[in-house]
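Written out below as structure tokens is the structure these notes cover.
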Amino acid sequence: MTKKGAVPEKLYRDRYWKPVLFLFSEHPKLKQHFTTKYFDLESEMIDISALKNAARHWATSEKFMLNLALHLFNERNKLNLSEIDCLDSQNKELALKAISLRFR
């Protein structure tokens, strides 16, 4: 993110934001979409519908990572955890780390 979109320090300590920030900084596809188009960090808002719309044609594993990030942010964003099987070992490691960040 640009300096204007810099992440407020308090979000790194927030149990709901921490896994989102982690996944959007570590996963290549998500990192491309960690922009002010989808994130208003000052207002602590994510444009979920715009992100899901952008992900329409992504690979299944990329969609899973997005859905995981959104679910960890807010449980109203449903996720089928069994789809974790579509991930390669590197992405599975990222997913499990994000889950652990949320539920510490």
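The values are calculated or read from the model by the stated rules, or taken from the named source; none is laboratory data. Predicted model, so just to flag it, every value in this text is computed and none were measured. Cβ coordinates were reconstructed from backbone atoms using ideal geometry, including for glycine residues, and neighbour counts include every protein chain displayed.
Of the residues making up region 26-85, those that are free of Cβ contacts under 8 Å to residues at least 12 places away in the same chain, exposed (fewer than 12 other Cβ atoms within 10 Å of the Cβ) and either of a type in the set (Asp, Glu) or in contact with a Ser or Thr (Cβ under 7 Å, 6 or more places away or on another chain) (or both) are GLU75, ASP85. Among the criteria (1) closer than 16 Å to VAL7 by Cβ; (2) over 10 Å from the mean Cα position of the chain (by Cα); (3) not in a helix (DSSP H, G or I), the one PHE34 does not fulfil is (2). Just checking, does region 10-28 include any residue being aromatic (Phe, Trp, Tyr) and assigned to a loop (DSSP other than H, G, I, E, B)? Yes, the conditions are met somewhere in region 10-28.
When region 37-50 is examined, which residues are found to be assigned to a loop (DSSP other than H, G, I, E, B) and within 14 Å of the chain's Cα centre (by Cα)?
The first filter runs over region 37-50 and keeps only residues assigned to a loop (DSSP other than H, G, I, E, B), leaving 37-38, 41-44, 47.
TYR38, LEU41, GLU44, ASP47 - these are the residues of region 37-50 that are assigned to a loop (DSSP other than H, G, I, E, B) and within 14 Å of the chain's Cα centre (by Cα).
If the condition is being in a helix (DSSP H, G or I) and closer than 18 Å to TRP17 by Cα, then region 53-81 contributes PHE64, MET65, LEU66, ASN67, LEU68, ALA69, LEU70, HIS71, LEU72, PHE73.
Could you say whether any residue in region 36-43 is modelled with pLDDT of 95 or more, within 16 Å of GLU75 (Cα to Cα) and hydrophobic (A, V, I, L, M, F, W, C)? No, region 36-43 has no match at all.
Considering only residues that are surrounded by 15 or more Cβ atoms within 10 Å (Cβ to Cβ) and free of Cβ contacts under 8 Å to residues at least 24 places away in the same chain, which ones fall in region 93-104? None - no residue of region 93-104 is surrounded by 15 or more Cβ atoms within 10 Å (Cβ to Cβ) and free of Cβ contacts under 8 Å to residues at least 24 places away in the same chain, so the list stays empty.
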